[in-house]
Structure formats: structure tokens, C-alpha cells
């Protein structure tokens, strides 16, 4: 079924007492997002120089993905929030195992706020947006399948959100006329940065500058990892190791289009890995599955070759579910690397969300209490 509609995408910078927004989307980025959704469109602009621009998208024919079953076609009811002063959510699907409620609700309890962070599990993006329009809403975390699809519905993006091209956090700010604005950012890159910097010495962090980094994987986390290693840690080249070269090619193309793709290199063989200078920092962003195919075994041997080089560094193992005791963790420890658990990245990206939502400095948040609560949850046995 096709329907015609029009939407307004305001494109402008706004003053803020939180993270500084930038123009939400350039035309190329709009084209990329809309193309990824399978949308047919015509875009034109109205407005005078120096004024906000309205990008009107007309004759929008969008094919919605079919739900997997009838139950998934109907979004869950809105939760009861009458007893709360404010509410935040996690929007996504397949989120029942998330540790985020433990993190955020620990913060609110420690600060004696009558706030709550709730899971809202749905593939229906409009149902999520409806909750974001409620008066008690003050922010949301966003995960799959909405991290890219939500972008056209936002008013402002931060530099991190625009560059990475995926949003994991919605927060509120006000336009000069008082209009409430939905703003988007990506705190995954902050989580990666802080997980590393909070767990290595200043000297080791300094030694990462101008040196190669490495990312294992080619999924959605890879772009945030590239941004963190290039933009925050100052790595020169970044080696990309993955079983599927086409996924890496896409990551490189996307990073190039956003201006931070210089020095990205796909490593295709053990021989190539052995000839290269070793990385000083690694981010591993793959599930903990044993290799079975030839390409998976090649990737594993490349990882072993890199870990086996004389100079060691720090590796952030992003996988912690269902257990943080992964094969990559064991390989790195046995090779003499400092291993940082992925729970650290989850904690720091979540604290960054609370910093943005509550407009507080990290130093005012109960960081150690959050770490205790999350450590207790991770240590529980999982089926």
C-alpha cells in the first residue's frame, strides 16, 4: 500500500545549554537516509537566506516492512506513568535483556528523582514517536531497528550523530520561540572513548595518538568505533578485520562520506597483518561465536597475528552478553594485552545519556554505584 504525504525537516543551528547542535542534515545525508528506506521523493526548499529552511518532501511513497506476525503488527500499549514526574524509554526490538534500566534507574534513585526509564519493545516507530510527544517524556535511548529510521523525524543532530549516521539517544531542547525540539545524538562513540580512557594510564592514552588502531567487525558499532579512535584518540591508520569484506567496504564508504575515513584499511590475510605495524588500541565488536567458515578462520588468525606482535596495547571487548568471558578476551589476555570489558562502554554511554537528559555533569552522577549495580547484574547466571 502506498500513500502520499509531506513532512517538514527544519535545518538550522540552535543555541543550547546542552550539547551544541549543528544543522540537522545536509541534502546528501537526507538522500542517503531516504534511499535506505526505499522512499520515492521530490525535495525542494523554501525560505530566505539566513532563515530556517523547510525541506518539504512531497509525493512520499514508502513501503513499510511487513511484520513477522500479527502480534508484532500491533504496538504494545503505552505504559502507565501517572505516578512519575518524568519518563525516559529504550525504543527498539529484542531488548528484554538490556541492562539499561538498571543503569538509569540507579541514577534517578540516587538523585532522589521521581523519574523512571522503561523498555518499550516495538518495531513500530510511530508508536515510539507518540511516546516522545508526551509531556512527561524527557529522553530516550534508541536501538535497532530504529537507529537510522528515526533520523528524519528529529529536528536537530549533534556532530556525533550526524557523522556516525545512527542515533542512539533522543533528548529535548527548545527553539528560540519555545518550540520543543527532538534532538538526536550518538553516545556509543563516547562510551568507547571513556571505556578506554578511564582504564588506561595517561601515558598509554598519549601513546595511542598517531599510532594505528584496529576494529574487529563490520556492523553498526564499527562506525562509532572508527569515529572514537580517529576523532577522540587520534589514531592514524585503522585496520578493519572482518569475515565479510563487503561490510567493511560499506563502513569505509560511509566514513569517507562523513569526512573521517582517511587511513581505514581492510586486512585480508595473515601475511598482510604480519607486515604491518601493530595497533596500540583495538575495539572488538563481534558476537562470541566460534569460527566455522574459511573467512571466519582467516579473520581469527589475523586477530591472533595482531595480538601476537611485540608491542601490546589495550583492547575493548564490546561483547558481554551472555557472558563477558569471550574467546577474544582469552586470546588477548594470553597475548599480554590489557582487556577492557564491553560493560564499561555500556556504562559510559549510558552516563553520557543521563548527562544530556538531566543537564548534569558526570561528576554529579553516582558513577561508582552504577558500576556496582551493573557488575552484580552481569555476574548473574544466564540461561
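The values are calculated or read from the model by the stated rules, or taken from the named source; none is laboratory data. Quantities reported herein were computed from a predicted structural model and do not represent experimental measurements. A quick note on method: Cβ atoms are made from the backbone with ideal geometry, for glycine too, and the neighbour counts reach across all protein chains shown.
Residues in the stretch 225-246 that are assigned to a helix (DSSP H, G or I), within 24 Å of residue 289 (Cβ to Cβ) and out of contact with any strand residue (DSSP E or B) (no Cβ under 9 Å at 6 or more places or on another chain): 246 alone. Are any of the residues in the stretch 175-194 part of a helix (DSSP H, G or I), in the same structural domain as residue 300 (by TED's automatic domain parsing), surrounded by 19 or more Cβ atoms within 10 Å (Cβ to Cβ) and without any contact (Cβ under 8 Å) to a residue 40 or more places away in the chain? No, there is no match, as no residue in the stretch 175-194 is part of a helix (DSSP H, G or I), in the same structural domain as residue 300 (by TED's automatic domain parsing), surrounded by 19 or more Cβ atoms within 10 Å (Cβ to Cβ) and without any contact (Cβ under 8 Å) to a residue 40 or more places away in the chain. Scanning the stretch 361-371 for residues that are closer than 11 Å to residue 347 by Cβ and out of contact with any helix residue (DSSP H, G or I) (no Cβ under 7 Å at 6 or more places or on another chain) turns up just one, 368.
Checked against the criterion of being in the same structural domain as residue 224 (by TED's automatic domain parsing), out of contact with any helix residue (DSSP H, G or I) (no Cβ under 8 Å at 6 or more places or on another chain) and under 23 Å from residue 227 (Cβ atoms), the candidates 296, 277, 311 yield just one match: 277. The condition (being part of a loop (DSSP other than H, G, I, E, B), over 25 Å from the mean Cα position of the chain (by Cα) and within 30 Å of residue 118 (Cβ to Cβ)) is satisfied by just one residue among 380, 309: 380. Restrict the check to the stretch 207-214 and report whether at least one residue is surrounded by 21 or more Cβ atoms within 10 Å (Cβ to Cβ), over 11 Å from the mean Cα position of the chain (by Cα) and part of a helix (DSSP H, G or I). Yes; the residues of the stretch 207-214 include at least one that is surrounded by 21 or more Cβ atoms within 10 Å (Cβ to Cβ), over 11 Å from the mean Cα position of the chain (by Cα) and part of a helix (DSSP H, G or I). Report, by residue number, each residue of the stretch 69-94 that is at pLDDT below 50 and over 29 Å from residue 136 (Cβ atoms). The one that is at pLDDT below 50 and over 29 Å from residue 136 (Cβ atoms): 70. Among the residues of the stretch 94-129, those identified as part of a loop (DSSP other than H, G, I, E, B) and touching a strand residue (DSSP E or B) at 6+ places or on another chain (Cβ under 9 Å) are 94, 95, 96, 98, 113, 114, 122, 123. The test for being within 21 Å of the chain's Cα centre (by Cα) and part of a helix (DSSP H, G or I) holds for residue 345.
Taking the listed residues 255, 319, the one that is in contact with a helix residue (DSSP H, G or I) (Cβ under 7 Å, 6 or more places away or on another chain) and not in a loop (DSSP other than H, G, I, E, B) is 255, with no other qualifying.
Do the conditions hold for residue 261, that is, is it out of contact with any strand residue (DSSP E or B) (no Cβ under 8 Å at 6 or more places or on another chain), under 30 Å from residue 153 (Cβ atoms), buried (at least 16 other Cβ atoms within 10 Å of the Cβ) and not assigned by TED's automatic domain parsing to the domain that holds residue 140? Considered against the rule, which asks whether it is out of contact with any strand residue (DSSP E or B) (no Cβ under 8 Å at 6 or more places or on another chain), under 30 Å from residue 153 (Cβ atoms), buried (at least 16 other Cβ atoms within 10 Å of the Cβ) and not assigned by TED's automatic domain parsing to the domain that holds residue 140, residue 261 comes out as yes. Candidates 283, 251: the one that is buried (at least 22 other Cβ atoms within 10 Å of the Cβ), closer than 18 Å to residue 222 by Cα and in contact with a strand residue (DSSP E or B) (Cβ under 6 Å, 6 or more places away or on another chain) is 283. For residue 97, the stated conditions hold: it is surrounded by fewer than 17 Cβ atoms within 10 Å (Cβ to Cβ), at pLDDT below 95 and within 28 Å of residue 227 (Cα to Cα).
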